[in-house]
Amino acid sequence: MKTLRQLSLIIFAGASLNACANASYEDGETSTIFAERWNAGINNNEPPLQMQSYDANTFVIRQSLKTNFEAPFMYLLFGTEKALLIDTGAGGIDLRAFIDAQITAREKENGKPIALTVMHSHAHGDHVAADDQFQDRPNTKVVGKEPEAIAAFFGVGSWPKDIGQYDLGNRTVDIIPTPGHQDSHVMVFDRDTRLLFSGDVIYPGRLYFRCNNVQEYKASIDRVADFAATRNISWVMGAHIELSQTPGKSYNSGDSKRSNERLIELPSSVITQVQAGTNKMLSLPRVEVYDNFTLFPIPENPQGKTPPDWCAN
């Protein structure tokens, strides 16, 4: 089955949407939290995986555009007892060996074994493709991809209203159900770094949901906004980059290399921006371009229709 992203990219590649009048960016936007720019297909010899550290226990991994146009981000968090891997990418890579190397190095440093838990922001194929590589890995748990399995593993009492927790050993993360983009979608909040790992619900790109599913998407955004109101979130870290620093420019599935990408990290204010944008489209969902994202509702059958007003047809 095609994902929302695949369905829309077929059509979006030929469509042009105007940017917001108040969009303002400067070329050469520089990250304050990562030392290097993320690989974006420019170098023909770039490795299949690039990793940068946020701190000594938090690692951000990007799959190369050379292996898959989705170029998804994955996150590896270490506690004193366990490591948590959020997502396994789009396939075509040896993720197991890469993760094994990080855990082995940590085990040698600490002098004790580290258990691995593999979870997913959601169940779309570009986030779960390497799951099979971890099924037979010793001292490893792979969390199921259905809401029931996620709720049971993380102690979510009532899906999607309640919030679960998971202890990695002196490091606790909160699991926030956020269906709307996909039924089993969750965000992960790390209490140590105050990073919010937001998957495909919020990121610098096209935020997909069905035209007839805007209420569920809105409920998830409202729930995240309520959660964020009592936490000092440092950054919102999504699973893709789809926007250029050029206002209004999005990349499409035909791009094998990308110049001038936006940063993956977004300020916490993006949550209320998405919330306000979603509130505006309750009566009639339509594609709307904002500074840090594009709200992208999609008809059940988009064939023969073009955005932005294709939900009305």
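The values are calculated or read from the model by the stated rules, or taken from the named source; none is laboratory data. Because the structure is predicted, anything quoted here is derived from the model rather than measured. Methodologically, a virtual Cβ is constructed for each residue, glycine included, from the backbone with ideal geometry; neighbour enumeration extends over all protein chains shown.
Residue-by-condition table, conditions (1) farther than 20 Å from S31 by Cα; (2) more than 19 Å from the chain's Cα centre (by Cα):
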site: V236; (1), (2): no, no
site: P247; (1), (2): no, yes
site: S253; (1), (2): yes, no
site: R258; (1), (2): no, no
site: Q275; (1), (2): yes, no
site: P302; (1), (2): yes, yes
site: W310; (1), (2): yes, yes
site: N313; (1), (2): yes, yes
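Among the residues of region 282-289, are any at pLDDT below 95, touching a helix residue (DSSP H, G or I) at 6+ places or on another chain (Cβ under 8 Å) and of a type in the set (A, V, I, L, M, F, W, C)? Yes, region 282-289 contains at least one residue that is at pLDDT below 95, touching a helix residue (DSSP H, G or I) at 6+ places or on another chain (Cβ under 8 Å) and of a type in the set (A, V, I, L, M, F, W, C). Out of the residues in region 159-195 that are β-branched (V, I, T) and assigned to a strand (DSSP E or B), state the one that is farthest from I271 (Cα to Cα). Top of the filtered list is T172.
Figure legend. Inter-residue proximity from region 159-170: first residues over 19 Å from K145 (Cβ atoms) and touching a residue at least 60 places away in the same chain (Cβ under 8 Å), second residues polar (S, T, N, Q) and part of a strand (DSSP E or B), beta-carbon distance below 9 Å, spacing 6+ or different chains. Indicated pairs: L168/T117.
Out of V224, V186, one residue alone is within 30 Å of L284 (Cα to Cα), surrounded by 21 or more Cβ atoms within 10 Å (Cβ to Cβ), touching a residue at least 60 places away in the same chain (Cβ under 8 Å) and not small (G, A, S). It is V186. Residues in region 32-66 that are of a type outside the set (K, R) and under 18 Å from the mean Cα position of the chain (by Cα): 18 in all. For region 111-118, the criterion of being more than 20 Å from Y166 (Cβ to Cβ) and either touching a residue at least 24 places away in the same chain (Cβ under 8 Å) or surrounded by fewer than 20 Cβ atoms within 10 Å (Cβ to Cβ) (or both) is met by at least one residue. Put simply, of T67, T80, T88 the only residue that is of a type in the set (S, T, Y), more than 21 Å from W235 (Cα to Cα) and crowded, with 19+ Cβ neighbours inside 10 Å is T88. Could you go through region 20-28 and let me know if any residue there is surrounded by 15 or more Cβ atoms within 10 Å (Cβ to Cβ) and either farther than 20 Å from G199 by Cβ or modelled with pLDDT under 95 (or both). The answer is yes, given that some residue of region 20-28 is surrounded by 15 or more Cβ atoms within 10 Å (Cβ to Cβ) and either farther than 20 Å from G199 by Cβ or modelled with pLDDT under 95 (or both).
In a loop (DSSP other than H, G, I, E, B), among the aliphatic types (A, V, I, L, M) and surrounded by fewer than 18 Cβ atoms within 10 Å (Cβ to Cβ) - does that describe any residue in region 53-62? Yes - at least one qualifying residue is present in region 53-62. Restricting region 138-183 to residues that are of a type in the set (S, T, Y) and more than 26 Å from N232 (Cβ to Cβ) leaves a set whose member that is surrounded by the most Cβ atoms within 10 Å (Cβ to Cβ) is T140.
Can you report the number of residues in region 199-235 which are touching a Phe, Trp or Tyr at 6+ places or on another chain (Cβ under 6 Å) and either over 20 Å from I163 (Cβ atoms) or not hydroxyl-bearing (S, T, Y) (or both)?
Taking region 199-235 as the starting set, the residues that turn out to be touching a Phe, Trp or Tyr at 6+ places or on another chain (Cβ under 6 Å) are 206-209, 217.
Filter once more, so that each one left must be either over 20 Å from I163 (Cβ atoms) or not hydroxyl-bearing (S, T, Y) (or both): 206-209.
Looking only at that region, the number is 4.
Residues in region 227-247 that are of a type in the set (A, V, I, L, M), free of Cβ contacts under 8 Å to residues at least 40 places away in the same chain and buried (at least 16 other Cβ atoms within 10 Å of the Cβ): there are none.
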